[in-house]
1. Taking the chain as a Gaussian network, where each spring joins two C-alpha atoms under 10 Å apart, which residue of Ala170, Ala151, Ala143 fluctuates the most?
2. Using alpha carbons only, how many angstrom separate the centre of the stretch 89-106 from the centre of the stretch 154-227?
3. For the stretch 63-80, take each phi angle, set θ = phi - 60°, evaluate the Karplus expression 6.51 cos²θ - 1.76 cosθ + 1.60, and give the result in whole Hz per residue in order, putting x for glycine and proline.
4. So for Asp259, Asp154, fewest C-beta neighbours within 10 Å to most, what's the order?
5. Which ordering of Ile41, Ile157 is given by a fewest-first count of other beta-carbon atoms within 10 Å?
6. Suppose R0 equals 51 Å. What FRET efficiency, 1/(1 + (r/R0)^6) with r the Cβ-Cβ distance, do Asn242 and Asp119 give to the nearest 0.05?
7. Provide the per-residue ³J(HN,Hα) series for the stretch 236-242, in order, calculated from phi with Karplus coefficients 6.51, -1.76, 1.60 and θ = phi - 60°, each as a whole number of Hz, with x at glycine and proline positions.
8. Connecting C-alpha atoms closer than 10 Å in a GNM of the chain, tell me which of Arg32, Arg187, Arg48 has the biggest fluctuation.
Amino acid sequence: MSKGLLSKMLFGLVCFLMAAAPVLAEEGYPLRAEFAKVKYITTDTLKRDYKKVIIVDVRSKLEFDVIHINKAIHIPVAKATFTKELENLRSKTAAEPIVFYCNGHTCKKAYEAAEQAMDQGFHNVFAYDAGIHEWTIANPDKATLMGKTPAAKDKLISHEALAKRKISFAEFKKRAEKDDVVVIDIREPFQRKEIPQLPKLRNIPSDRLVQLLAAKEFKGKQLLITDAVGKQVEWLQYYLENNGYKNYYFLDKGALSADEAGALK
């Protein structure tokens, strides 16, 4: 092969890699294109600048209580006072970066929080879009899981372990008709405008249920639990396992699946 041909081939390969770089950089982060104006920070960079930045967890209280970055300040993006609480952290034009995070690559909350902060005039805003699980795996000494630091990585519940606990609406309803079963809707009262048609259904919001689980209220009974769309139960599973509950199942897709089955009232 001539030197000229080899040079052309190498040049072509370099050009290809340069063209592909933006695509490769976004691989695994499907929301970056949707929130293109939001700057993101990587796990390595956040670890390097850990002491220099303000870190804000924008998830729900249940999620934060289960697992969070150690120095994170909890300000749910859904709160009406979100912007005001940010202003209490630092001035809008301060140099100290603010980093928002939520649950990972497909979670919009970190992006939405960053976008909202920017729209309100905050400078030096970033989204840590790798999320809490990736941070914990990389930096367990800077994460708290179920109140313990460093976070025990072997206590993280996998997606597969969660999926094994989810059952269809038909199966959920069948089980709900049996004895020694407690059927619980963990949605907040304002979310319960429509109720799944299930026997013995009780409304116990997640914060209250966590207290009852710690008190071993339902030991010896099978627990059937539904939320709104099947996401809250991911965090409730930590409390179930931590308190020794093994006989429990979740309604796949939550109340949404009851709606799809035409079983809301």
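Quick note: the coordinates plus some simple rules give every number you see, no bench work behind them. As the structure is a computational prediction, the values presented were derived from the model and not from experiment. Glycine gets a Cβ as well: all are built from the backbone with ideal geometry, and neighbour counts include every protein chain shown.
1. The residue that fluctuates most here is Ala170.
2. A separation of 34 Å, based on Cα centres.
3. Whole-Hz 3J(HN,Hα) from phi for the stretch 63-80: 5, 4, 5, 6, 7, 7, 5, 3, 8, 5, 9, 8, 9, x, 5, 6, 5, 5.
4. Lowest to highest Cβ neighbour count: Asp154, Asp259.
5. Sorted ascending by nearby Cβ count, the order is Ile157, Ile41.
6. 0.85
7. For the stretch 236-242, the Karplus curve yields 5, 4, 4, 5, 4, 5, 5 Hz.
8. Answer for the Gaussian network model of the chain: Arg48.
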